[in-house]
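Notes follow the structure.
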Amino acid sequence: MGFRSLSPHVWPIYAPWMAASLGMSILLVALPIWLLSGGHGYVVTSVVAGAGGAGAAGGALIVGRLVDRSGPARVACGSLLLMILASATMAILGDVVALGLGHMAFGVGSIGVMLSRQADLTRRVPVWLRGRAMSMMGGSMRLSVLVGTACGGVLVDVVGGRWTIATAGLGAAIGLPAVIPTVRRPEREVAPRGVGGPGLGSVVRTHRRPLMAVGVFGALAMAAREGRMVLLPLVGVGLGLRPSAVGVLVAAGYAADLLLFPVSGYVMDRLGRLAAMVPAYGLLAIGFLLLSAADSPTAVLVAGLVMGVGNGLSSGSLFTLGSDVAPEEGTASFLAAISLLTDSGRIVGPLLVGVVAGAGGLGPAAVALAVVMAAGVTWLLLVVGETSDRAMDAGADHRGPRFRPVTRATTPDQGA
């Protein structure tokens, strides 16, 4: 059992998820390069590049409600089609307005795929397998982002920005054959469909305590994660390293991050969520402190590896927490609300780095991120607590309140 038990979900769940991540990652590289080479300034480029994240954040709650009403497969199919249409529109028109609006629509599609797949997987796997299932989502996303960012830069050089943007839509299209069979056979859905069930407001009001507990932790963790991706290259540049050397430093930490997701899932399922997350996020905080004192490429590499190991050991942890406390009714709406809170950290982290670094330098910025992550670990211990039934039933020590969702069925897996 274990990871092999997830094999029936590789095509229907993980393939669309990776296809959406692949397309989004290609755009994140291609759009800035194309815009800057076309003579557009940093402000315009930043706005267009950030439109995808804005679309994802703005569309999360709507998409979550649609998943609860229409079923995960229909929303995933519609989201992938939206990504394909947005990509084609951007490639054909090519002007700044079309690129910005198209990237925003692409972001809405990506969050639709993500939430529909997470809600579907939450329903399909038993709680004792959930940590591994969600860590595999985190690991597969990391892999697709690595491939997408690498391919995006190469494709711009080889075929140009316009065709690279079109390729992002083709990447998303890979996921369509995985969800169309369930759209055509709705009886294979596992989530409720139709007008029944609680509305978004009702879900948020009824489950506000676990929502805020997990959402605040997610925001703190994401702020540290996103801040790390901004801070590491800045420290490398501050030490006078060549761009290629900075890339190696970032890639080394990212490789450690990518390789450790199976360990994260195994520990979460066997020993409990806290047993995996506290050491993992603790290492991330320690890595920031090491980075604050780094004065050589070797020291930066060590700090990057420590942070990479910590981040890798936390792979899928935020997905797992959300799924653990999600209610039976309104699952996707609840996960969408958590996603909205978590994504606020994507804005706060880089902003915090910029403000603190501008005022006091990169060292204090690294310390600030360490403090944010330490606050997150404290919140995890005191407010969230252990959410794994297996760990608690086995008598594992835990702190904080216990948020037990309505028991889910653990019947044999169905096809998606």
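The values are calculated or read from the model by the stated rules, or taken from the named source; none is laboratory data. None of these values were measured; they are calculated from a predicted model. No Cβ is skipped: glycine too gets one built from the backbone with ideal geometry, and neighbour counts run over all protein chains shown.
Quick notes on this one:
- Evaluated against (1) farther than 30 Å from Val348 by Cβ; (2) modelled with pLDDT of 80 or more; (3) not aliphatic (A, V, I, L, M), Gly218 falls short on exactly one condition, (1).
Listed here are the residues, each with its yes/no results for (1) assigned by TED's automatic domain parsing to the domain that holds Val63; (2) within 22 Å of Arg130 (Cα to Cα); (3) in contact with a strand residue (DSSP E or B) (Cβ under 6 Å, 6 or more places away or on another chain); (4) modelled with pLDDT of 50 or more.
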| residue | (1), (2), (3), (4) |
| --- | --- |
| Gly345 | no, no, no, yes |
| Gly349 | no, no, no, yes |
| Ala368 | no, no, no, yes |
| Ala374 | no, no, no, yes |
| Ser388 | no, yes, no, yes |
| Ala391 | no, yes, no, no |
| Thr410 | no, yes, no, no |
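- Residue tally, condition modelled with pLDDT of 90 or more and part of a helix (DSSP H, G or I), over the range 282-297: 11
- Test: Leu362 is modelled with pLDDT of 85 or more and surrounded by 24 or more Cβ atoms within 10 Å (Cβ to Cβ): no
- When the range 35-58 is limited to residues that are buried (at least 21 other Cβ atoms within 10 Å of the Cβ) and in contact with a Ser or Thr (Cβ under 9 Å, 6 or more places away or on another chain), the one that is nearest to Leu340 (Cα to Cα) turns out to be Ala56.
- If you check Pro72, Pro126 for being crowded, with 24+ Cβ neighbours inside 10 Å and either at pLDDT below 95 or not polar (S, T, N, Q) (or both), only one passes: Pro72.
- The criterion of being modelled with pLDDT under 80, closer than 17 Å to Gly161 by Cβ, of a type in the set (A, V, I, L, M) and in a helix (DSSP H, G or I) does not hold for Leu27.
- Candidate set from the range 100-123 (those that are buried (at least 24 other Cβ atoms within 10 Å of the Cβ) and of a type in the set (D, E, K, R)); member that is modelled with the highest pLDDT: Arg117
- When the range 298-330 is limited to residues that are assigned to a loop (DSSP other than H, G, I, E, B) and within 23 Å of the chain's Cα centre (by Cα), the one that is nearest to Pro72 (Cα to Cα) turns out to be Gly330.
- Test: residue in the range 252-262 that is out of contact with any Asp or Glu (no Cβ under 7 Å at 6 or more places or on another chain) and not in a helix (DSSP H, G or I): yes
- Residue within the range 89-99 that is under 21 Å from the mean Cα position of the chain (by Cα) and buried (at least 21 other Cβ atoms within 10 Å of the Cβ) present: no
- Residues satisfying the stated conditions in the range 252-272, i.e. among the hydroxyl-bearing types (Ser, Thr, Tyr) and modelled with pLDDT of 85 or more: Ser264, Tyr266
- Residues being among the polar types (S, T, N, Q) and either over 27 Å from Gly345 (Cβ atoms) or modelled with pLDDT under 60 (or both) - total across the range 187-214: 0
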